[in-house]
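Below you'll find the structure, written out as structure tokens, and then a few comments.
Every read-out reported here was derived from the displayed coordinates using simple, explicitly stated rules and does not represent laboratory data. Just so we're clear, the structure is a prediction, and the values are computed from it rather than from any experiment. Note that we place each Cβ from the backbone using ideal geometry, even for glycine, and neighbour counts take in every protein chain shown.
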Amino acid sequence: MTNAVNVQNIGIVGAGQMGSGIAQVCAQCGYSVSLADISQDVLDKAVTGIGGRLQRLVEKERLTQDALDAAVGNITTKTDYAGFGDCDLVIEAATENEEIKKSIFENLIPALRDDAILATNTSSISITRLAAATDRPERFIGMHFMNPVPVMKLVELSKGIATDEATYSAVNTVVGKLGKTSITSEDFPAFIVNRILVPMMNEAIYVLQEGIGGVTDIDGAMKLGANQPMGPLELADFVGLDTCLAIMQVLYDGFADSKYRPCPLLVKYVEAGWLGRKTGRGFYDYSGDKPVPTR
Ligand code: 3HC
């Protein structure tokens with residue numbers, strides 16, 4: 001049976017940067033949220049982060065204390081999928097790694113209702129291929145949020161070859177209720193946003209590698225010369241250099257076109273464990289009060 005699902009309960013798998021942001025906006029908009037992660041520590045950090053961000057909104061008088069309490073009260077955390085049987089929609093927001101996502105689906109699906117919609121926040125991987133690893137390709141969809149989720153207005157929706165209209169329509173309704181705007185991309189590697197954005201960041205890393213400019217020159221050029229809110233290297237650090245590399249690899253493999261080759265300097269940073277803001281070092285060093293360019 002295909003759904004005419006009226007989404008009320010949302011499950012989110014993965015409580016990192018994206019999952020916690022998605023949990024926050026869903027909870028703020030009145031959805032009941034089950035947030036799952038294998039790590040209790042990551043869940044605790046996610047809840048603390050959400051509470052802190054909402055508290056700042058209260059201080060700025062953009063949110064009442066009652067609304068904060070209601071939003072926090074809407075979130076339940078779990079290290080397993082107990083209770084996911086109540087979810088109308090589950091959004092997978094784990095690491096950008098196909099095998100990890102498939103193994104999550106394998107463990108998650110037995111806990112779900114047959115009519116529940118399964119969405120993935122993948123930023124590049126084929127929706128059709130991920131859907132084929134589930135029992136519900138017609139109720140499977142790409143729902144790609146942007147970082148930072150509470151601020152960015154866009155959600156990029158992508159249907160796999162089997163995704164039905166009822167699924168698209170139910171998920172699109174959720175996007176509207178979250179106060180965000182959807183665009184729809186065909187299911188091709190990295191969709192629309194990252195197909196354009198991530199090669200731009202990769203090119204900036206080539207410019208750095210070739211010594212054409214330093215970090216400050218490159219970011220300054222694009223901030224002041226192209227009105228970008230963050231320069232491409234600052235943005236790469238913000239997104240995570242491992243994520244940038246994973247997306248370039250999906251583009252490179254998916255199109256077999258050398259124009260998508262990952263920059264060797266990006267590979268080197270990832271191999272060093274310099275993944276950007278989240279590890280305290282990338283193209284900037286974040287250990288002090290202000291980020292300091294490293295090249
Ligand atoms: N979480 C929640 N809110 C945040 C935030 C965060 N991590 N960072 C900033 N904000 C909020 C601030 O609270 C502030 O809110 P207010 O206007 O209501 O007071 C607002 O955003 C502006 O913040 P700041 O004044 O501190 O800083 P900026 O003006 O520099 O803006 C920014 C910060 C919104 C992050 C801006 O620099 C920006 O738009 N950067 C580009 C972000 C971008 O391109 N994201 C897409 C990345 S690609 C992607 O996500 C796809 C993925 O698959 C790779």
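Key figures
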item: Long-range HN-HN contacts of residue 155 with modeled amide H, under 5 Å; result: 181, 182, 183
item: Segment 26-89 and segment 202-264: distance between their alpha carbon centers, rounded to Å; result: 33 Å
item: Positive dipole terminus of the chain, leading residue within 258, 90, 130 (C-beta point charges); result: 258
item: Qualifying GluC sites (Glu not before Pro) for segment 191-295 [loop in DSSP, other Cβ within 10 Å: at most 16]; result: 210
item: Distant-in-sequence amide H partners of residue 120 (H built 1.01 Å from N, under 5 Å); result: 92, 141, 142, 143
item: Computed helical MRE - 222 nm, the chain, DSSP H runs ≥ 4 contributing -39500 (n - 2.57), nearest 500; result: -14000 deg cm²/dmol
item: Potential extension, residue 290-residue 203 segment - 0.36 nm per residue separation minus Cα distance; result: 28.8 nm
item: Full-stretch length increase - residue 82, residue 65 - with 0.36 nm per residue and alpha-carbon distance subtracted; result: 3.1 nm
item: For 267, 171, order by how many other beta-carbon atoms lie within 10 Å, fewest first; result: 267, 171
item: Across 45/78; 153/177; 153/290; 159/180, pairs whose alpha-carbon gap is larger than 20 Å; result: 153/290
item: Ranking of 208, 43, 154, 68 by count of other Cβ atoms within 10 Å, fewest first; result: 154, 68, 43, 208
item: FRET efficiency estimate (nearest 0.05) - Cβ-Cβ, residue 177 to residue 259, R0 45 angstrom; result: 0.70
item: Under the span-like rule (Cα at least 27 Å along the axis, Kyte-Doolittle mean at least -0.5), DSSP H helices of the chain; result: 40-59
item: Gaussian network model of the chain, Cα within-10 Å springs - most flexible of 180, 159, 268; result: 268
item: Other-chain or far-sequence residues with amide H under 5 Å of residue 35's (modelled H); result: 12, 76, 77, 78
item: Cα shape, segment 195-293, gyration tensor, a/c 1.5 rule; result: oblate
